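Visitor: Starting off with a structure, shown below.
Values in this text are rule-based calculations from the coordinates and carry no lab data. Since we're looking at a predicted model, the values are computed, not measured. FYI the Cβ positions are ideal-geometry reconstructions off the backbone, even for glycines, and counts take in every protein chain you see.
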């Protein structure tokens, strides 16, 4: 069956951190996400418009990285069909019992080794009375703490082979590829792809990992939807010692308003200040950027993406990359001094 | 067959105007939409990110109103299936040869009498070289004229019976109802419904027509996606004599950033300054607002919606309503004096 | 001596509140102002860019209102000269020993009875190390709590006779009147005046008190300088039960981006989302608005100012006005439920 | 006499351009400034809130650069006193008959050789009826063309000796130095100074010219006051071929929201998206940044200032610098193709 309408959206993610105190300070004090549960070495967090129990699980580990990504299907039947398809593709890892707020899931790996799962049964979030918003489509009041993003938005994965990764998601899970970057002079290699299962410009991006590593995370993104909030977030990061990598500016690719920072655990986090391009056309044609003519793709304004980090650093970092990121210690110090 | 994934989005609309000069001044000089063609009594216009030949056709007539709404299906087959379903529902009006940039369409009427059509074959817009944007997902450069919206966004229709109208669009065309307003004290009558065929908070709204008229337009909306642009648009309307009805503010319903104005032909136009709530959940439950507790639904800030116009004026206006709108003559005068 | 360059700016204000818990919740939890001291029945607060020890003193009292306004002179000599001038005008009330962070002041009353003082000796604020900002013109880091305004901006006073009040401030203290509203049809009575001692569009406004009361406060304003922050503030007020009176919108008068809310003690507070018009011309001519043609003066967008509160309610309220304001109890409830 | 209150503000500037067609396209088509007069090789332009006849005069020449800067005094007497003071300082160049809209002026040179003048008699701009705004403090309606800035804001001059330049403006003309950058490790040399004659964070900046040239222009700035407008301007520059150097971002110095672009004649133009810090304190102390710890001074977000242009390129360019700027030919091409 055509997988085109089988997946609904990115529902949750799990990040690993070697600096739980700093990472929690970042997500709860600076970004104002609310803690909903703790279990074992993990803390469960949510943005105020996330629809389910949580959108982010943070787990203590030796190194930063992505431990899981949960995609919600459009129906219970679609989950069964996609599990079969993943098994046929040799990527299935079997059914799980789920997690807090998450029912039975089907675990799989991307071709590059990123751990993921499909899910249908989720716990819809119902706020306690004092956190219920009079804005009825909002699952909870906007927090008074920090500069809170509204929901989990998208993920960007590094991959040793962009094309292989992209084609699996197209063919097996029904993703549409909205934009891609090709090294025309270098023989046509795909360097990046931006994909989604709905009208968002991207819910998942794939970028070539020039270090030759496999299965790494480039960044996880949270959504403000309001351009000014990216400026506000940059200001807070600057004042509270969180390392800013690039932005605020707007990528030509996806027209997404970006701000990249490193949370104190070392993972790159994007804050997303608009909705980017919304691809309403059902038969859009993939847009192709040539790597040799890529300035506007990177930024509409004057921003640059630092070559020493943006195109090589991912989590877990490869040997030698840890020193690129200063936020880790600064974040910890901040967490200690700001009551 | 379940109609859930059969329609893709709102593709085009046709407005009638008794003041073609004023209406064109509004859309092209003030809003900066580009004219792409003229034929007979009609002028075809487009926003700079609209994907097809045009999104708005303006046609001279004795009174303002809505002459047509075009919905694009997700495939050629879906068009055939939905045409059958509309015929079975007694609403089909037969196949047409289309229009400039629009292929064969299937015409139908809403239960309340609004003229609409379904289409698959459309002409994708390709800008001439000097208007091509380096932002590759953008179909043409942002104009230097006026304050240009990016694309057609949604329509709001008045209906003599909201529930009948809503149920047809749900059952026959696969719309999802995201939010509704119910007069609980008055016996549970539905007063309004906000619906879409994708993750947008609404592509079509239906509001009760308290004058007892049928088939009228409440407003057509164009998208900025940037909150500041609604403020800028209000300022230009204020300075150039375009009547502002309400806003800028944000509705609690849909979380949409609104500005309502009357174009010089008398049609209410909304400018839309954010993306509103995006409903990613595949099994969202319709949110119900009680008419008796509706303040936040109307506006998150302090805006009010004028009772003498907002809840009764539509196009074509009923007898006596023309005097509510002053933009018509002002717009013409402005068009005459601003070189 | 010409008083033109004798006053520098509005330095501090003291508000009275019958609901200290609610008022403090509003200023510290919702607006994120920092508490710097407590003494007797008073709490001293500051915005993160206020230059001195505090800009706002909140004091428990039976009714809301304004207890003091402090204007800083441009020099020590100017203070002496203006004290003499006020004594000659019969408005001086003698020297005081000052307050926390405030040295010797010269107390006086406006012609309408508003308590004020002039000051030269003030304590410049020096943040503790953990609150020092790397933005060196910023006296302390932007707080992570609430939606913090940057500094005290201006005051709006109700007066039984606008002209008398205005002329004293022009002649004795060197204020310039940037704009005024005159009831031309009603014989030319001045209804309002907007004045400053620098290039700000206003640091003090005077509006006619139609209740015949004397010495009341219309509102005290705090500055964001960023339009989006007024929208954010409206959203927080809506969600946390703070009564919004009007806005966000932009007054034609002063071009100031306004949001009016009632803090839980009953005082009207304005949040100011831009810098308004800056009057750089040294010989600007006062702009006069006619009350009969005043729409744009009130708002550039579609906002209205509620007749039942905006033009009659001030603090302390006159008999019967308390019921207009609901924030008082709501604010208290919110303070109780939001940990 | 203490010169502290003798100057009011920057009133007008004259730019030279070797590409009049491109420069006019930039200022009138892209930025939407209005032409008010032509005379000889010069075109006179104004922003919609500029108070006088014009704020910018553009004159054809062999190379780009600054031909004149006009400072308005606070009174006729102040003009005479400052002319005397400049003569005593050996910088006076005598009285002129003025220009279109400008009465008698006193010409002088900065110590580094920048041509300037002082003026009291100016023609206040009165818009023709069709351009009069209902916003009475606004001298003319906001144009419908391009993305119009509101007024001339400030100038940034390169100088061979920052300290000499700064001290003359402090001592002879009453400027206050709000912020400066010092190369502490390099012996304390002043690298930059930001100065004003009112509460603006700067109306004139001085930066060291590392090429050893004298009397060059770094940039002239125009004011939006709204952060989003800098993002909009960057987008238009990107699409219409105007070279962006840096931004949008916010300098830590002055807290000014910047966007630097090169107009097609080769002059660097800054668009200014907020009001920056307003220095209300009459006895503020100059803030000193150390060149060795300057990151936040450059940008609060992640922007960088390109070393190959920002710190060395000025107008007129020194030998070899012309190739750094591509806007010149692009701008001309754009002017030719965009009707």
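Visitor: Just C:41, C:249, C:153 to compare: in a GNM of chain C, with alpha carbon springs under 10 Å, which one fluctuates most?
Guide: For chain C, modelled as a Gaussian network with Cα springs under 10 Å, the answer is C:41.
Visitor: Here is a further query. Quick one: grab the alpha carbon gyration tensor of the protein assembly as shown, order the square roots of its eigenvalues as a ≥ b ≥ c, and give me rounded if a/c is under 1.5, else prolate or oblate depending on whether a/b is larger than b/c.
Guide: Here the protein assembly as shown falls in the rounded category.
Visitor: Now, a different point. Restricting to the protein assembly as shown, what percent of DSSP beta bridges are antiparallel, rounded to 5?
Guide: 75
Visitor: Which whole number gives the average, over all residues in A:72-79, of C-beta atoms from other chains lying within 10 Å of the residue C-beta?
Guide: That works out to 2 on average.
Visitor: Most exposed first by the Cβ proxy, i.e. fewest other Cβ within 10 Å, how do B:137, D:105, D:296 rank?
Guide: D:296, B:137, D:105
Visitor: Within a 10 angstrom radius of the beta carbon, how do A:112, B:121, D:62 rank from fewest other beta carbons to most?
Guide: Placing the least packed residue first, the sequence is D:62, B:121, A:112.
Visitor: Dimensions of segment A:208-288 along principal axes (Cα, Å, largest first)?
Guide: 45, 36, 16
Visitor: Here is a further query. Using Cα-Cα distances under 8 Å and only pairs 6 or more residues apart, what relative contact order does chain B have, in percent?
Guide: Relative contact order for chain B comes out at 18 percent.
Visitor: Quickly estimate the mean residue ellipticity at 222 nm for the protein assembly as shown, helices only: each DSSP H run with n ≥ 4 gives -39500 (n - 2.57), and the total goes over all residues, rounded to 500.
Guide: Taking each H run of at least 4 residues, the total per residue is -5000 deg cm²/dmol.
Visitor: Here is a follow-up. Classify segment B:17-116: rounded, prolate or oblate, from the alpha-carbon gyration tensor (a ≥ b ≥ c, eigenvalue square roots; a/c under 1.5 rounded; otherwise prolate if a/b is larger than b/c)?
Guide: Here segment B:17-116 falls in the prolate category.
Visitor: Where the label is 7 Å out from Cα toward Cβ, how close does residue C:323 come to the same position in every other copy, in nm, shortest first?
Guide: Reported distances to equivalent positions: 3.5, 7.5, 8.2 nm.
Visitor: Could you tell me the relative contact order of segment D:76-139? Use alpha-carbon pairs under 8 Å, at least six residues apart, and round to a whole percent.
Guide: 24 percent.
Visitor: Right, something else. For residue B:61, place a label point 7 Å from Cα along the Cα-to-Cβ direction in every copy; what are the distances to the other copies, in nm, shortest first?
Guide: 5.9, 6.0, 6.1
Visitor: With both bridge residues required to lie in chain D, what share of the DSSP beta bridges run antiparallel, to the nearest 5%?
Guide: 75
Visitor: Now, a different point. Sorted from fewest to most neighbouring beta carbons within 10 Å, what does the list B:284, B:108 look like?
Guide: The most exposed by this proxy come first: B:284, B:108.
Visitor: If you don't mind, another one. Label chain D by shape, choosing from rounded, prolate and oblate, from the square roots a ≥ b ≥ c of the eigenvalues of the Cα gyration tensor; if a/c is under 1.5 it is rounded, and otherwise prolate applies when a/b is larger than b/c, oblate when it is not.
Guide: Cα axes put chain D in the rounded bin.
Visitor: Another question, then. Averaged over B:247-254, how many beta carbons belonging to a partner chain fall within 10 Å of each residue's beta carbon?
Guide: The shielding value for this peptide is 5.
Visitor: Is there a simple number for the mean count of other chain Cβ atoms within 10 Å of the Cβ of residues in B:124-132, and what is it?
Guide: Mean partner-chain Cβ count within 10 Å for B:124-132: 2.
Visitor: Measuring from a point 7 Å out along Cα→Cβ, what nm distances, shortest first, does residue C:187 have to its partners in the other copies?
Guide: Once sorted, the set of distances for residue C:187 reads 5.6, 7.6, 9.3 nm.
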